Amino acid sequence: MKMVEQRKATLVYVAQDADPRLKNNIVRLCETMEVPITWSESMKSLGETCGIEVGAAMAAVVPEIE
């Protein structure tokens, strides 16, 4: 959420099975900041995609700054 608020995120992945409060908050924030959202089937699969061993409710794509 911090990266979206700071306008650093270019895309946010959100797990469909994440806590509804978290989902609602990030979706609202992304809509306000005009950041696209891609839905992930589950927290487990999103965590695996991120290369971590635990589930992830959301993940932001933040480009590297040179």
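Each reported figure results from applying straightforward, stated rules to the coordinates on display, with no laboratory input. In this text the structure is predicted, and so the values were computed from the model without any measurement. Cβ sites come from the backbone with ideal geometry, for glycine too, and all protein chains shown count toward neighbours.
Annotation for N25 and T38: the two label points, set 7 Å from Cα along the Cα-Cβ direction, are 2.4 nm apart. Annotation: amide H-H contacts under 5 Å for S42 (H modelled 1.01 Å from N, sequence separation of 5 or more, or interchain): Q16. Across the chain, the mean sequence separation of Cα contacts (distance under 8 Å, 6 or more residues apart), normalised by length, yields a relative contact order of 43 percent. Among T38, M3, Y13, whose Cα lies farthest out toward the positive end of the dipole of the chain, if unit charges sit on the beta carbon of Lys, Arg (+1) and Asp, Glu (-1)? Toward the positive end, the furthest listed residue is M3. What you get for the chain, charging only the Cβ of Lys and Arg (+1) and of Asp and Glu (-1), is a dipole of about 240 debye around the Cα centre.
When the convex hull of its Cα atoms is viewed from all sides, the chain shows a mean projected area of 4.4 nm². The phi torsions of segment 5-10, fed into the Karplus equation with coefficients 6.51, -1.76 and 1.60 and a -60° offset, translate into couplings of 4, 8, 6, 9, 7, 9 Hz, rounded to whole numbers, with Gly and Pro shown as x.
Report summary: the helix-based calculation at 222 nm, which adds -39500 (n - 2.57) for every DSSP H run with n ≥ 4 and divides by the residues of the chain, gives -10500 deg cm²/dmol. Residue by residue, segment 26-31 carries 3J(HN,Hα) couplings of 6, 5, 4, 4, 5, 5 Hz when phi is fed to the Karplus relation 6.51 cos²θ - 1.76 cosθ + 1.60 (θ = phi - 60°); x denotes Gly or Pro.
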